[in-house]
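Since the structure comes first, as structure tokens, the remarks are kept for the end.
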Amino acid sequence: MVSRIVIVGGSAAGMGAAGAAKGTDPTAEVTVFTEYEDTSYSPCGIPYVHGKEIPDFERLFLGSKQQYVDQGIDVHYETTVTSIDVKARHIVADGKQVPYDSLVIATGFDYADPGVPGSDLSGLYYVKNIRRAMEWDKILDTVKKAVVIEASPLGLEMVNALCHRGIETHLVDPSPWALSVATDPDMAKFVEDSWVEMGAHLHFNTKLEAFLGDNGGLRAIATSDGEIECDLAVVCTHKVANARLATAAGLATGSAGGLIVDETMLTSVPGVWAAGDCTEIPHGVSKVPIQGLTGSHAYAQGKVAGVNAAGGKRTYQPVYVPWGMVAGKWMIGGVSFSETLAHALGIPYVLGVGQGISRARYYPDSMPIRVKLLGEPGSLRLIGAQLVGGEGIKERADFLAMAVRTGITLRDLATMENVYSPPIGALAEPIATAAQNALSNLGK
Ligand SMILES: Cc1cc2nc3c(=O)[nH]c(=O)nc-3n(C[C@H](O)[C@H](O)[C@H](O)COP(=O)(O)OP(=O)(O)OC[C@H]3O[C@@H](n4cnc5c(N)ncnc54)[C@H](O)[C@@H]3O)c2cc1C
């Protein structure tokens with residue numbers, strides 16, 4: 001019998017699952033439901049179109065709707081799945097029951113509710129769906145003053161975008177520094193100083209208390225430090241799992257609020273897999289489940305869920321979460337723990353910090369790179385890293401994530417070999433310098 005695979009969600013996880021399911025069993029009937037008008041586009045590029053670094057939204061579309069038709073994947077656009085019956089094995093969409101043999105839940109994330117009065121005013125922008133982004137982009141032409149609510153990864157990107165756009169930009173965050181879960185203040189300072197150079201107004205240690213309006217439109221925000229006038233608020237609160245549909249059907253969620261899955265992405269209910277931001281996945285070092293990872297995690301998880309939903313066999317590993325982005329004029333990134341997060345989790349560490357350069361010192365545009373490494377006391381196994389600099393951050397974050405995953409030590413890193421070529425790398429590698437400094441701090 002041909003198997004019927006239903007997927008709820010048409011973003012990174014859902015479409016990853018659809019392609020993988022069809023690839024595993026070309027005879028399977030694969031049906032995708034999405035609330036949105038489109039599937040095959042990159043939301044990650046939206047801030048850069050707003051900032052006019054990418055000239056138009058059309059470039060963010062990765063393929064046509066016809067490509068799914070050609071692959072035999074039946075996508076139902078603008079269709080909300082309203083319930084799931086896991087005993088009868090069907091979902092309900094448009095008032096109709098759709099039976100399945102395997103179900104993949106890929107319903108993604110919502111931005112956390114700011115939880116303050118005035119959230120119903122017009123002028124609050126939640127950056128997600130590309131069609132809405134196209135509409136907001138026109139509105140941005142008329143905006144004079146904007147606030148970005150919270151220095152999350154998206155918040156950092158939107159501060160850059162609005163500044164590039166020439167809009168007076170205020171960043172409001174209750175924490176003492178930017179991206180405070182993933183970074184330490186000495187690393188974030190590079191970014192914050194460059195935002196000030198770009199004209200951004202930074203309001204850290206400042207709590208949002210209300211959105212204030214006139215005639216239904218946003219006029220200002222009220223904060224613990226007074227009012228800030230604005231005609232736009234970009235709400236960049238942290239991501240929470242959108243698991244409502246699944247929990248209503250009886251699927252279990254965990255301590256981080258995401259759907260619990262095993263290493264095959266199977267949920268607590270047989271025949272139902274889940275992937276992407278609606279799930280939670282154990283951290284490779286702390287073993288603590290975490291939620292709200294990235295698009296690349298969602299896509300990879302979707303592929304695992306899709307293969308298994310179609311009768312194949314694939315597993316997903318715990319995560320170490322390499323990350324990186326452009327913020328201010330710098331690139332900033334890391335993997336696993338910052339000092340701040342290690343403290344919060346009660347994880348002991350030894351530390352090494354190193355400063356280096358991205359190219360030979362005499363080569364044009366050579367830029368600084370600062371590296372901070374955290375090692376496990378005793379074994380000196382690498383357990384976390386942060387990087388900030390002018391270039392070469394992504395590659396180093398990816399390398400260090402693999403180093404954490406494979407148990408590389410600070411001693412290994414202190415004696416690592418590195419590429420030296422004036423336009424692409426300096427004689428001394430900043431990662432090695434940081435590791436050498438860690439050993440020297442320990443008298444080793
Ligand atoms: C502006 C922006 C910038 C980003 N930048 C980056 C980046 O630089 N790097 C990176 O790695 N990632 C980035 N991401 C990715 C992001 O942070 C997430 O990790 C990723 O989108 C998660 O994918 P997902 O498939 O799990 O869910 P989502 O992208 O949240 O998609 C959820 C899907 O489920 C559908 N859905 C939900 N409920 C229902 C229902 N009841 N019925 C039918 N359909 C439903 C929605 O229509 C949607 O298709 C960015 C995302 C955005 C929005």
| Put +1 on the Cβ of each Lys and Arg and -1 on the Cβ of each Asp and Glu in region 77-213; which of MET198, ALA106, TYR77 then has its Cα farthest toward the positive end of the dipole? | TYR77
| field | Kirkwood Rh, Cα atoms: Rg over Rh of region 370-444 | value | 0.95
| query | Which lysines have a Cα less than 23 Å from the Cα of LYS372, not counting those fewer than 8 places away in the same chain? | reply | LYS189, LYS287, LYS329, LYS394, LYS444
| request: Provide the per residue accessible area, probe 1.4 Å, for region 232-384, rounded to a whole number of square angstrom. | output: 39 Å²
| According to a simple spin-label model (label point 7 Å from Cα along Cα-to-Cβ), what is the distance in nm between TYR77 and SER119? | 3.0 nm
| message | Name the residue from THR409, GLY443, THR433 whose Cα lies farthest towards the positive end of the charge dipole of region 395-444, charges +1 on Cβ of Lys and Arg and -1 on Cβ of Asp and Glu. | response | GLY443
| remark: Rounded to one decimal in nm, the spacing of the 7 Å Cα→Cβ label points at ASN418 and GLN355 is 1.5 nm
| Of ASP74, ASP173, which has the most accessible area with a 1.4 Å probe, and how do the rest follow in descending order? | ASP74, ASP173
| field | Computed magnitude of the charge dipole of the chain (debye, nearest 20; Cβ of K, R +1, Cβ of D, E -1) | value | 1100 debye
| query | When you take every Cα atom in the chain, what is the radius of gyration, and what is Dmax, the widest Cα pair distance, in Å? | reply | 23.1, 70
| Share of carbon and sulfur in the accessible heavy-atom surface of the chain [1.4 Å probe, %] | 54 percent
| query | Taking K and R as +1 and D and E as -1, what net charge do the other residues with C-beta under 14 Å from the C-beta of VAL235 add up to? | reply | -3
| message | Report the Cα centroid-to-centroid distance between region 1-79 and region 302-324 in angstrom, as an integer. | response | 17 Å
| field | Extension gain from VAL288 to THR142, taking 0.36 nm per residue of separation minus the Cα-Cα distance | value | 48.1 nm
| query | So how far apart, in nm, are the two label points at LYS65 and TYR362 if each is 7 Å from Cα heading toward Cβ? | reply | 6.0 nm
| Considering only protein heavy atoms, what is the solvent-accessible area of GLU391 at a probe of 1.4 Å, reported in Å² to the nearest 10? | 40 Å²
| query | Where only protein heavy atoms count, and the probe is 1.4 Å, what is the accessible area per residue for region 1-40 in Å²? | reply | 34 Å²
| request: Taking only protein heavy atoms into account and a 1.4 Å probe, give the accessible area per residue of region 90-140 in Å². | output: 45 Å²
| task | Report the FRET efficiency, 1/(1 + (r/R0)^6), for LYS329 and ASP262, where r is their Cβ-Cβ distance and R0 is 60 Å, rounded to 0.05. | result | 0.90
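The values are calculated or read from the model by the stated rules, or taken from the named source; none is laboratory data. Since we're looking at a predicted model, the values are computed, not measured. Cβ sites come from the backbone with ideal geometry, for glycine too, and all protein chains shown count toward neighbours. Calculation scope for accessible area: heavy atoms of the full protein, side chains included, ligands and nucleic acids excluded. Shrake-Rupley method; radii C 1.70, N 1.55, O 1.52, S 1.80 Å.
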